[in-house]
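Contents: one structure, followed by commentary.
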Amino acid sequence: MKLSTGRIVSFQHKIFSWWTTHKRDLPWRHTRDPYRIMISEVMLQQTQVLRVLPKYREFIERFPTVVDLAKATSADVLRIWKGMGYNRRALYLHRTAKIICDQYNGHFPINYELLTTLPGLGTYTARAILVFAFKQEVPLVDTNIRQIITHFFFNDQPQKESVIEEVARQLVPSGKSWEWHQALMDYGALRLARARSGSLIKASRRTSVPFKDSNRFFRGRIIDRLREGDIRESKLASEFKKKYGKSDDFLKSILQELEADGLISRSKAGIISLPE
């Protein structure tokens, strides 16, 4: 879909005019450090902004640089991640920090293809680093931006990702990629969400509450238990049976998943712990 220059300029003016008086003051907007941008973007995956704010500050205080994170143990990172959910994100950040230090001498590559090879950094996060840390003029399409484009240019009719991205590319104003994408995210989170639902202002990214009887729920409970310290598998099985009524076989299957994902360690003596 080819947009006319007039339509592009008009839409840019609409978004920027609104943003002038409605922009959010978020801590990751006060830095161009690709490490801190990465932390914020990974945290914001499937998690509301209001939940991320205190955890982001806590995480940066504990691991202020990519070197600090790389030197930490996996257990340290998982402990500070408590309350965020999707614990694999914490391990992805830790692994990426190690790669940045070991292979790139502590410097993030300013290259989309290289960024997407890092653990947990998909298309969007790689581009977000390029835009917010390095001010590159590449299009970003997250949930908010997709909804905005679908709403204003396609009458809320879903479109192929390639179509949305092409429109997004045309809309990026020269020299203002950083400001443009921040403005779009705020507009989608605050203005469009309110207009479409009539509800209170929503955070820019949503999170789902783990269903109480899902594997993800029990995986999270096990990690939470291990944050308190190591435990013998037999004792954990006893606790699980008493608290949740789950069988030993069920617990073993969950432990196998966690071990395969690198989220726990199991010793020959039957001791379960967070990975070091």
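Restricting attention to the stretch 1-30, the residues being farther than 21 Å from Gly85 by Cβ, surrounded by 12 or more Cβ atoms within 10 Å (Cβ to Cβ) and touching a residue at least 40 places away in the same chain (Cβ under 8 Å) number 12. Scanning the stretch 102-115 for residues that are within 17 Å of Lys71 (Cβ to Cβ), open to solvent by 40 Å² or more (accessible area, probe 1.4 Å) and part of a loop (DSSP other than H, G, I, E, B) yields a total of 2.
Taking the conditions exactly as written (open to solvent by 40 Å² or more (accessible area, probe 1.4 Å), hydroxyl-bearing (Ser, Thr, Tyr) and more than 15 Å from the chain's Cα centre (by Cα)), does Tyr92 satisfy them or not? The answer is no for Tyr92.
Looking only at the stretch 61-75, how many residues end up being assigned to a helix (DSSP H, G or I) and either modelled with pLDDT under 95 or of a type in the set (Gly, Ala, Ser) (or both)?
Of all residues in the stretch 61-75, those assigned to a helix (DSSP H, G or I) come to 61-62, 66-71, 74-75.
Of the ones still in play, those that are also either modelled with pLDDT under 95 or of a type in the set (Gly, Ala, Ser) (or both) are 70, 74-75.
Of the residues in the stretch 61-75, 3 are assigned to a helix (DSSP H, G or I) and either modelled with pLDDT under 95 or of a type in the set (Gly, Ala, Ser) (or both).
Criterion first (under 22 Å from the mean Cα position of the chain (by Cα) and among the basic types (Lys, Arg)) does Arg232 satisfy it? No: the conditions fail for Arg232. Considered as a group, the residues in the stretch 221-265 that are farther than 21 Å from Lys82 by Cβ and not in a helix (DSSP H, G or I) include one that is least open to solvent (accessible area, probe 1.4 Å), and that residue is Lys246.
Residues that are under 14 Å from Met38 (Cβ atoms), in contact (Cβ under 8 Å) with a residue 24 or more places away in the chain and touching a strand residue (DSSP E or B) at 6+ places or on another chain (Cβ under 9 Å) number at least 1 in none of the helices (runs of 4 or more DSSP H) confined to the stretch 116-185.
The values are calculated or read from the model by the stated rules, or taken from the named source; none is laboratory data. Because the structure is a prediction, the values reported are computed rather than measured. Note that we place each Cβ from the backbone using ideal geometry, even for glycine, and neighbour counts take in every protein chain shown. For accessibility, only protein heavy atoms count, side chains too; no ligands or nucleic acids. Shrake-Rupley method; radii C 1.70, N 1.55, O 1.52, S 1.80 Å.
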